[in-house]
Amino acid sequence: MSKHKHHADSWDAFEERFLPVFRPDTTVLWQKEELPPQETVNYREWWTVIDCDGRLYLSAGFRYVNRLAYVRCERPWTDADLYDIYRYEN
């Protein structure tokens, strides 16, 4: 995907590409307090759900500004995925 995308891909595209890990409570959202120690995880398996003007998006890695929650995935993101944005619609 291009570094200069002008639209966000769908949650369905995100799910298909990265395979979010469902928690025992059947959600995919993790709060900061629930994360394992960052030095023990592959940070490329994590995405941040961020709020941008009332719309929710997923951004690769651990973000802190406008953060609502985190999503862990089976497939890690790559450097090429850093500029991709997905809508969080779950």
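A few comments on the model shown:
- Helical mean residue ellipticity (222 nm; -39500 (n - 2.57) per DSSP H run of 4+; nearest 500) of the chain: -2500 deg cm²/dmol
- Cut-off 13 Å between beta-carbons: net charge of the residues surrounding residue 49, Lys and Arg +1, Asp and Glu -1: +4
- Within the chain, longest stretch free of exposed trypsin sites (Lys or Arg not before Pro) [DSSP loop, at most 12 other beta carbons within 10 Å]: 6-90
- Over the chain, Cα pairs under 8 Å with separation of 6+ residues give a relative contact order of 41 percent.
A short reminder: the numbers here are calculations on the coordinates, not readings from a lab. Note that the structure is a prediction, hence the values are computed from the model and not measured. Because the Cβ atoms are built from the backbone with ideal geometry, glycine has one as well, and the counts that use them run over all protein chains shown.
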